[in-house]
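Below is one structure; the comments refer to it alone.
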Amino acid sequence: MKEATANNYDIKDLNQAEGGHRRIDWAELEMPVLRQIRERFKKEKPLQGLRVSACLHVTAETANLMRTLQEGGADVVLTASNPLSTQDDVAAALVNRYEIPTFAIKGEDNVTYYKHIRAALEHKPHMTMDDGADLVSSLFFIEMGRYEKLEPSLASWAKGLSDEERKEFLAGVIGGTEETTTGVIRLKAMETDKVLKFPVIAVNDAQTKHFFDNRYGTGQSTIDGIIRATNVLLAGKNFVVAGYGWCGRGLASRARGMGAQVIVTEVDPLKALEAVMDGYQVMSMAEAAKIGDFFCTVTGDINVIDGPHFEAMKNGAIVANSGHFNVEINIPALKKMSVGEPTLVRPFVDQYTTKDGRKINILGEGRLINLASAEGHPASVMDMSFANQALSAEYMAKNADKLEKKVYSVPEEIDKEIARIKLEAMGVKIDTLTDAQLHYLSSWEEGT
Ligand code: NAI
């Protein structure tokens, strides 16, 4: 194995690589679909010669995706998609075992986060792979000269580039993929505003992604993150879930499974009705704020828990977020209502003291708690999400020239194929339609 050179990575500590190797191997055991794709990629090399810049949570599961792309012939660079989600030992193993240039340090500040995005841009990608669209939006802001939208140090670097150099970053990109709901929302807004510069596949929208990753993955790992950070009993407590989308449904069902009384808040009447029929209490956040012991936002929206909600909260309330960005909880508003600086009472628990003496605990600085204080989604669901990423990258490599500057769904045949392989790997057999059933289901003549 070649030693990674010092200038092509920025991680916490290369000496942690051994732990990362073990973690990557452990995750791989639960990723049979991705493994099968990797074996095929090794032979067929569908990504040969393509430079891929990935901006994803740097976890053991992501490492297995990076290996798959690399086996497929891609020249891959990986940067973190969140300052708190990196597993430092995995980052070390990626550099040391797979020689994948990795730029990610758990707890990195904003300047470092964007310095790492810059490294991914400087790779001059043919393909981008985002989780939240930070890489693509940085690329577009640079190309458009909208420096005011960039983090200041990234902006001053971009200002120093010639027009030609700035345009070069975009020139070679044939397309991209996007992992999460928030990223897809941003990309669709770019498409509407006609600023999307290449086709992107919305991996999040594949059924084999959000049915499982957003629901069961976020459900389990968010509870895991809250418990690891606090070790507070959930049974018998009021657990408020803000947002009853894919993630919220999973989180609510897992919190109920732990014995909590689950309260749901929503803005969409259909989702709220669904939560009522699923047996949860549904109310406004203003009401829930008065009685909640735990709060967790999973909406993709801003200020879902705001100043007036903090005013109403009980002493000792525990507040977390598992949505993509750290904007769902208005922490600046809480700061304004508090005396002095928060105390770090346990790792990932900032305790604020309000002027009337209540203690309010914010977990993981309001960043997605399942990655901040736990390990993110279990490998078994990431197997399907990342199978979608790998097959979408292959699809993009083959079809980019036929696609427009739009956000595309993952082709249905990819979705179905992933479900088929997953079931096979789980040893689950299903029925197939008989000829008579096929005929019946496609005809209109047979009624009562
Ligand atoms: P979704 O679109 O299925 O659900 C979001 C729900 O929040 C919708 O039902 C919407 O009506 C509701 N909502 C919006 N504003 C609200 C408000 N002010 N109060 C109450 N409800 C509100 O989205 P999904 O897939 O559940 O994703 C939610 C967030 O979680 C996104 O930011 C996504 O990127 C992120 N995500 C995080 C993961 C993690 O690992 N923690 C994994 C997957 C997604």
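Looking across segment 358-372, not a single residue is more than 12 Å from the ligand (Cβ to nearest atom), assigned to a loop (DSSP other than H, G, I, E, B) and not basic (Lys, Arg). I need every pair where a residue in segment 327-349 that is within 16 Å of the ligand (Cβ to nearest atom) and in a strand (DSSP E or B) has its Cβ under 6 Å from the Cβ of a residue that is at pLDDT 95 or above and of a type outside the set (A, V, I, L, M), sequence separation at least 6 or different chains. What qualifies is Ile329/Asn321; Ile329/Gly366.
Contact map, segment 154-176: first residue under 22 Å from Lys405 (Cα atoms), second residue at pLDDT 90 or above and polar (S, T, N, Q), Cβ cut-off under 7 Å, separation 6 or more or different chains; pairs are Val173/Thr128; Gly176/Thr128.
Candidates Val241, Val200: the one that is modelled with pLDDT of 95 or more and within 30 Å of His126 (Cα to Cα) is Val200. Checking each residue in segment 31-48 for being part of a loop (DSSP other than H, G, I, E, B) and buried (at least 17 other Cβ atoms within 10 Å of the Cβ) picks out Met31, Pro46, Leu47. Just a yes or no: is a residue in segment 97-116 of a type in the set (Lys, Arg) and within 16 Å of the ligand (Cβ to nearest atom)? Yes, segment 97-116 has at least one match.
Here is the figure for segment 6-16: residues that are surrounded by fewer than 20 Cβ atoms within 10 Å (Cβ to Cβ) and under 17 Å from Ala60 (Cα atoms) total 5.
Does segment 236-252 contain at least one residue that is away from the ligand (no atom under 13 Å from the Cβ) and part of a helix (DSSP H, G or I)? No; the residues of segment 236-252 include none that is away from the ligand (no atom under 13 Å from the Cβ) and part of a helix (DSSP H, G or I). Taking the condition near the ligand (Cβ under 10 Å from one of its atoms), touching a residue at least 12 places away in the same chain (Cβ under 8 Å) and not in a strand (DSSP E or B), does Lys271 pass? Criteria met by Lys271. Name the residue that is farthest from the ligand (Cβ to nearest atom), counting only residues in segment 211-222 that are surrounded by 24 or more Cβ atoms within 10 Å (Cβ to Cβ) and free of Cβ contacts under 8 Å to residues at least 40 places away in the same chain. Residue satisfying both the conditions and the ranking: Gly219. Filtered by the rule that a residue be over 21 Å from Asp109 (Cα atoms), of a type outside the set (A, V, I, L, M, F, W, C) and out of contact with any Pro (no Cβ under 7 Å at 6 or more places or on another chain), segment 331-376 gives Lys336, Ser338, Gly340, Thr353, Thr354, Lys355, Asp356, Gly357, Arg358, Lys359, Asn361.
The values are calculated or read from the model by the stated rules, or taken from the named source; none is laboratory data. As the structure is a computational prediction, the values presented were derived from the model and not from experiment. Neighbour counts run over all protein chains shown; Cβ positions are idealised from the backbone, glycine included.
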